[in-house]
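Here's the structure we're looking at; comments come further down.
The values are calculated or read from the model by the stated rules, or taken from the named source; none is laboratory data. Computed from a predicted structure; not experimentally measured. In this analysis, Cβ positions are derived from the backbone assuming ideal geometry, glycine residues included, and neighbour counts consider all displayed protein chains. Calculation scope for accessible area: heavy atoms of the full protein, side chains included, ligands and nucleic acids excluded. Shrake-Rupley method; radii C 1.70, N 1.55, O 1.52, S 1.80 Å.
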Amino acid sequence: MPLENTILICAGGGCISAGEISVKEALENEIKKYALDGVVKVVETGCMDACSLGPLMVIYPEGVFYQKLKPSDAKEIVEEHLLKGRVVQRLLYKGPSGEIKPRATEEIPFFTRQVRIATRNLGVIDPASIEEYIARDGYFALRKALSMTPEMVIEEIKKSGLRGRGGAGFPTGLKWELTRKSKSDEKYLICNADEGDPGAFMDRSMMEGDPHSLLEGMAIGGYAIGAHQGYIYVRAEYPLAIERLKIAIKQAREYGLLGKDIFGSGFDFDVDLRIGAGAFVCGEETALIQSVEGKRGQPVQKPPYPAQSGLWKKPTVINNVETLVDVPYIINKGWEAFASIGTEKSKGTKVFALVGKVNNTGLVEVPMGTTLRELIFDIGGGIPGGKRFKAVQTGGPSGGCIPEEYLDTPIDYESLTSLGTIMGSGGMIVMDEDTCMVDVARFFLQFTADESCGKCTPCREGTRKMLSILDKIVEGNGTMEDIERLETLAVTIKDTALCGLGQTAPNPVLSTLRYFRDEYEAHVKEKRCPAKSCKALIAYRIDPAKCTGCTACARACPTGAITGEVRKVHTIDQEKCIKCGSCFEVCRFDAVEKLDAVEVTADT
Amino acid sequence: MENQTLTDPKFAELDEFIDNLPDKKGMLIGVLHKAQEIFGYLPAEVQHHIAQKLDIPESTVFGVVTFYSFFTMKPRGKYQIKVCLGTACYVKGGQKISDRVKEELGVTGDEPTSDGLFSVQEVRCLGACSMAPVMLVGERDFYGRLTPDKIPQIIESYRRKENKK
Amino acid sequence: MKIKSLEDLEKIKEEGLKNLSGRQGKKRGRITVAMGTCGISAGAKDTLMTIIDELDKNGIDDIAVVQSGCMGLCEVEPTVEVQIGDQEPVIYGNVGIEEAKRIVKEHVIGGRILGDLLVKKSAQ
Ligand SMILES: Cc1cc2nc3c(=O)[nH]c(=O)nc-3n(C[C@H](O)[C@H](O)[C@H](O)COP(=O)(O)O)c2cc1C
Ligand code: SF4
Ligand code: SF4
Ligand code: FES
């Protein structure tokens, strides 16, 4: 045995109670028996955060992960694994569906299901070091592109099947070709880094963690369409991304990778930043152009499309961050590498920001065609706290909610559209049984009503009307006619608004009405919020049988609504209660109950 | 007025920024960002000054300032607290965080506290959604995975920092 | 210096690769702290400062400390990657001030992997 093994065995609370001490003892006994105590080290660790599988251990250097161990397993592990080097299959970590799968920690689904193209350098390189970017083949794609003709570059992107990652999924190669063909002395390339979907942060992470990939993608795009100046339109809310981009631009200029005569090819290209100022509508391309020109960001009628008349009335391409970050990969590896991933109509990968009520929140990149279930349950690890999944929201304020029965839908542009939502830029917000779908719809309408630029009436007035109806419903004052009016308004706004913001604003309402109509009706007919989330429709009460009189709730209550002596049953004065929920959260005896308001008023 | 602008170091700083721009075309928003950084907000006299300096109508400047929610014509607290109410933060209880911050500071809206130290703003997504609910104090101090009971401690830490000075 | 050719680019790539493997100059390793907005909101700045302080205190100057972007593991942020010599890089999660001290003491100085903080063995 030349190499030392280290066995990590967890000693976190969950595992100890499941009998871990004796597994460790048994293991140590076995190791002694075979006189391995010199070469095998057993290390007790804290919790590995997988208590339901405990006790567990990881054996290094192989990184094999064993679960649900019993003391009687120790002998087999020592004889088979340590002595003979054979993995004990029956004890291996099993995926949620029960099939034997991963071996090592590296093979746990959060990592294995991901295919990292757009996020290839995230967490790997120092974003402030252009040398490290170059070490990962950075700027080799630009150099390769400059040895091709612009038409060949466009052809490569077209064949790769790359579609815009900013929302609508327009084929990138085609967009470039249209702009290339527009005759003009000047052209521009703008990167849309406005990332307006509240709940999405893919673009931010890419700019912060790998700014050069974006610059390289822009330079290639600039070469393809014939632009010499690019702009990155970044939200002001992203100071760190702005700072890292500034550093990256400076470095690229110093090496001559931006500026005049790049790689001695005669091609000039430079990039500057334009900082947004907090207006969601500026993510819409015509509004964005207005904003880059320093004006109020109000959309203008299309056509003409930016490909003909964009920034300063010159042909302009607008691309999302992720779209551009995919470009160097495609040029470097060839279109086949990209097109071999994904589905027939949606090629490559997509980065999602997996957030909300899900265990592994974070950034994930998966092949197109991965199902929502794989994303949320295998990679995301499911819903925390043993709660039930209710819906996943995609596409931000322009998108919709997808219920449980469609979890096996593959993620691609067309499937999501058929479900009444959109791919959007990649925000994926998971909601559980505690989330009220009517309130979610209200939340988004509040958002669009606030963010409507006010230029056209259907959007400005229509969203406000829809919002006031939704307000009425969550307060328990809605009628069935209100639900109908919501539907008529939604259709009118969709058909008559000028820009994408207005045209898609009703989507969150339409999709929740489509899948969760019963929740709307419960609010209207029974004055009840099934998720027990809408303040006006719930009440808190203390269960006298459970209350120990610990006074925790009374101390937490901001309005002094709770009274009671120490060690005596406490009660809530419903008149004073503002339903903040603090008492519910602090009570350690589950004595505070959250009930339907109708129930509480009925029995008091 | 003119004389005051010439002597006020803040105006001088702004002028220097504008004079050093390679090209003034389309730079209004950039100039307003700089001005807000220098002055903390954009009162009428600052807007007037910018309009003259860039040679554009004052109404254009006003129109842009009022269009974008990032710009403010009212002074804000020394520490501006931005509580996120983006989707991810909202479903994870961002509203409760905001309510608690306001309660702790004794404010109802976006007005500064009486000592001028703090003001609160509810914002859309700070881009740290995986840490929801999130808030940002000043430019750089992010706080994630918040619960309402963590708020008093955080605010207190800034008060203490001020008292030390 | 301006890069004008493939050869120029290759030369810089070589330098960069040394950096990435944590062995540029006389360094024998590299600690990477994920410093995206999410990491920072989880306290990555304190983590970074603690690591630098602890290395200093122990007179260790042959470990490079660098920052990177978000690895995507926001749930266990702050995350730290430790790569020493030819060993496979190790990623730790939920690294606060105390954990950062332990990483320097036990892993960097003691050469032991901290199993309880372990998220993943390699970045690739
Ligand atoms: C209201 C509205 C907001 C938008 N916000 C964004 C955004 O934040 N980021 C983005 O890339 N695209 C956004 N878009 C889509 C852009 O208009 C445009 O289609 C996209 O940036 C094009 O890039 P792509 O082809 O690379 O996807 C938005 C569209 C609308 C209508
Ligand atoms: S649809 Fe709404 S956001 Fe778009 S132009 Fe009309 S008012 Fe403005
Ligand atoms: S919900 Fe809030 S206000 Fe009502 S009793 Fe509980 S702590 Fe007091
Ligand atoms: S939703 Fe709050 S940070 Fe994104």
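What the table below lists for this structure:
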{"item": "Debye, to nearest 20: dipole size of the protein assembly as shown, +1 on Lys, Arg Cβ, -1 on Asp, Glu Cβ", "result": "240"}
{"item": "Spatial separation of Cα centroids for segment A:418-440 and segment A:224-254, in angstrom", "result": "32"}
{"item": "Computed accessible area, residue B:113, all protein chains, 1.4 angstrom probe, square angstrom", "result": "10"}
{"item": "Solvent-accessible area, 1.4 Å probe, carbon plus sulfur percent, for segment C:24-121", "result": "48"}
{"item": "Counting DSSP beta bridges with both ends in segment B:79-164, the antiparallel % (nearest 5)", "result": "50"}
{"item": "Theoretical FRET efficiency, 1/(1+(r/R0)^6), r = Cβ-Cβ of residue C:109 and residue A:37, R0 22 Å, to 0.05", "result": "0.35"}
{"item": "Cα centroid of segment A:490-541 to Cα centroid of segment A:325-387, whole Å", "result": "29"}
{"item": "Theoretical ellipticity at 222 nm over chain C - DSSP helices of four or more residues, -39500 (n - 2.57) apiece, nearest 500", "result": "-9500 deg cm²/dmol"}
{"item": "Residue C:67 long-range amide H proximity, modeled H, under 5 Å", "result": "C:33"}
{"item": "Residue-averaged beta-carbon neighbours from other chains (10 angstrom radius) around A:193-203", "result": "5"}
{"item": "Rounded to whole Hz, the Karplus (6.51, -1.76, 1.60) HN-Hα couplings of segment A:208-214, x for glycine and proline", "result": "6, x, 8, x, 5, 4, 5"}
{"item": "Accessible surface, 1.4 Å probe, highest first, among residues A:152, B:135", "result": "A:152, B:135"}
{"item": "Extension gain (nm, one decimal) between residue A:254 and residue A:485, 0.36 nm per residue minus Cα-Cα", "result": "77.1 nm"}
{"item": "Stretch gain in nm, segment residue A:460-residue A:336, where the contour uses 0.36 nm per residue and the Cα spacing is subtracted", "result": "40.1 nm"}
{"item": "Trypsin sites (Lys or Arg not before Pro) restricted to DSSP loop in segment A:125-221 with at most 12 other C-beta within 10 Å", "result": "A:183"}
{"item": "Solvent exposure of segment B:2-67 as accessible area per residue, Å², 1.4 Å probe", "result": "52"}
{"item": "Exposure ranking of A:550, B:89 by accessible area [1.4 Å probe, largest first]", "result": "A:550, B:89"}
{"item": "Magnitude of the charge dipole, segment C:24-121, Cβ model with Lys/Arg +1 and Asp/Glu -1, debye to 20", "result": "240"}
{"item": "Residues of segment A:122-146 buried by at least 50 Å² on assembly (accessible area, 1.4 Å probe, chain alone as reference)", "result": "A:123, A:124, A:132, A:134, A:135, A:140, A:143"}
{"item": "Interface B:A - total buried accessible surface [probe 1.4 Å, Å², rounded to 100]", "result": "3200"}
{"item": "Carbon/sulfur fraction of accessible area - segment A:339-378, other protein chains in place, 1.4 Å, %", "result": "46"}
{"item": "Distance-filtered residues of segment C:88-105 - backbone nitrogen under 15 Å, label point 7 angstrom along residue C:53 Cα→Cβ", "result": "C:96-105"}
{"item": "Nitroxide proxy distance, nm - points 7 Å out along Cα→Cβ at residue B:161 and residue A:86", "result": "6.2"}
{"item": "Signed unit charges on C-beta, dipole axis of the protein assembly as shown, positive-most listed residue A:537, B:85, B:48", "result": "B:85"}
{"item": "Extended-chain gain in nm, criterion 0.36 nm per residue less alpha-carbon gap, residue A:68 and residue A:158", "result": "27.4 nm"}
{"item": "Area accessible to solvent at residue A:113, 1.4 Å probe radius, in Å²", "result": "70"}
{"item": "Debye intensity ratio in log₁₀ form over the Cα atoms of segment B:2-67, taken at each q of 0.22, 0.27 Å⁻¹", "result": "-0.91, -1.41"}
{"item": "Partner aspartates and glutamates for residue A:159 [C-alpha distance under 14 Å; skip if fewer than 8 residues away on the same chain]", "result": "A:151, A:177, A:326, A:336, A:344"}
{"item": "Under the span-like rule (Cα at least 30 Å along the axis, Kyte-Doolittle mean at least -0.5), DSSP H helices of chain B", "result": "none"}
{"item": "Heavy-atom surface of chain A, accessible at 1.4 Å and reported per residue (Å²)", "result": "37"}
{"item": "Degrees separating the helix C:6-20 axis from the principal Cα axis of chain C, which is the longest one", "result": "20"}
{"item": "Per residue solvent-accessible surface (Å²) - segment B:96-165, probe of 1.4 Å", "result": "47"}
{"item": "Rounded FRET efficiency, nearest 0.05, which uses the C-beta distance separating residue C:15 from residue A:514 and R0 of 51 Å", "result": "0.35"}
{"item": "Separation between Cα centres of segment B:103-142 and segment A:458-489, rounded to whole Å", "result": "30"}
{"item": "Nearest-0.05 FRET efficiency for residue A:585 and residue C:46, computed from C-beta distance (R0 41 Å)", "result": "0.90"}
{"item": "Total accessible surface hidden between C and A, rounded to 100 Å², 1.4 Å probe", "result": "3800"}
{"item": "Cut-off under 5 Å, modelled amide H: who pairs with residue A:274 long-range", "result": "A:232, A:233, A:234"}
{"item": "DSSP beta bridge pairing in the protein assembly as shown, given as percent antiparallel to the nearest 5", "result": "60"}
{"item": "Total charge dipole magnitude, segment B:79-164, about the Cα centre, Cβ charges on Lys, Arg, Asp, Glu only, Debye to nearest 20", "result": "340"}
{"item": "Percent accessible area from carbon and sulfur atoms, segment A:393-532, protein chains only, probe 1.4 Å", "result": "48"}
{"item": "In sequence order, calculated HN-Hα J values of segment A:468-476 (Karplus, 6.51, -1.76, 1.60; Hz; x Gly/Pro)", "result": "5, 5, 5, 4, 4, 5, 5, 8, x"}
{"item": "Residues in segment A:556-598 that a label on residue A:433 would reach, taking backbone N under 19 Å of a point 7 Å out along Cα→Cβ", "result": "A:584-585, A:590-597"}
{"item": "Dipole of segment A:325-399, positive end: most advanced residue of A:339, A:399, A:384 [Cβ charges, Cα centre]", "result": "A:384"}
{"item": "Selection from A:454, A:443, A:469, by position along the positive dipole direction of segment A:436-495 (Cβ)", "result": "A:454"}
{"item": "Degrees, to the nearest 10: C:44-57 long Cα axis against longest axis of chain C", "result": "90"}
{"item": "Heavy atoms of residue A:593 accessible to a 1.4 Å probe, total area in Å² rounded to 10", "result": "50"}
{"item": "Taking all pairs of distinct alpha-carbon atoms in chain B, Kirkwood radius in angstrom", "result": "17.5"}
